[in-house]
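Novice: Sharing a structure here in structure tokens format.
The values are calculated or read from the model by the stated rules, or taken from the named source; none is laboratory data. Keep in mind it's a predicted model, so treat the numbers as computed, not measured. Using ideal geometry, Cβ is built from the backbone for each residue, glycine included, and neighbour counts are taken over all protein chains shown.
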Amino acid sequence: MTGFRQIPILDLALAASDETKSGLLEQLRYALTDVGFLYITNHGVDESVIHGIVTAMPALFGLPESAKRSISLDNSPHFLGYSGAKSEVSRPLCHPIIIAKAMPGQLC
């Protein structure tokens with residue numbers, strides 16, 4: 001990660017025009033590859049939905065570890081679910097579930 005002074009803010013309204021879409025994609029590439037974080041504006045998600053998620057998060061993260069493990073992404077055929085601290089790696093296509101389904105018999 002290179003040095004940065006603020007988390008990039010990407011305006012999804014720029015995706016609506018061919019003239020501004022490539023600039024948005026460059027901003028997205030920078031945010032994901034050089035910074036690792038980003039904020040998104042004009043995403044179209046209703047404020048009540050955002051508020052509901054923010055309100056629910058403390059209860060979700062406050063669950064016992066055993067409850068969170070019961071909904072682990074390792075137990076999901078769709079690779080969706082809880083992943084605990086230090087459980088994810090950045091090796092594309094190297095998750096055992098992906099390998100087993102996409103390339104049977106292959107190892108990472």
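Novice: Quick check on residue 69: is it in contact with a Gly (Cβ under 9 Å, 6 or more places away or on another chain), basic (Lys, Arg) and assigned to a helix (DSSP H, G or I)?
Specialist: In short, yes.
Novice: Does residue 1 count as among the aliphatic types (A, V, I, L, M), exposed (fewer than 10 other Cβ atoms within 10 Å of the Cβ), modelled with pLDDT under 95 and over 15 Å from the mean Cα position of the chain (by Cα)?
Specialist: Values: among the aliphatic types (A, V, I, L, M): yes; exposed (fewer than 10 other Cβ atoms within 10 Å of the Cβ): yes; modelled with pLDDT under 95: yes; over 15 Å from the mean Cα position of the chain (by Cα): yes.
When the stated conditions are applied, residue 1 passes them.
Novice: Scan region 32-42 and give yes if some residue there is modelled with pLDDT under 95 and over 30 Å from residue 82 (Cβ atoms), otherwise no.
Specialist: no
Novice: For region 55-86, give me the residue count where each residue is touching a strand residue (DSSP E or B) at 6+ places or on another chain (Cβ under 6 Å), under 28 Å from residue 28 (Cβ atoms) and in contact (Cβ under 8 Å) with a residue 12 or more places away in the chain.
Specialist: Number satisfying all stated conditions: 1.
Novice: Could you give every pair whose Cβ atoms fall below 8 Å, whose first residue belongs to region 25-54 and is farther than 16 Å from residue 12 by Cα, and whose second residue is outside any helix (DSSP H, G or I) and β-branched (Val, Ile, Thr), counting only separations of at least 6 or pairs across chains?
Specialist: Close Cβ pairs satisfying both conditions: 34/2; 35/2; 35/7.
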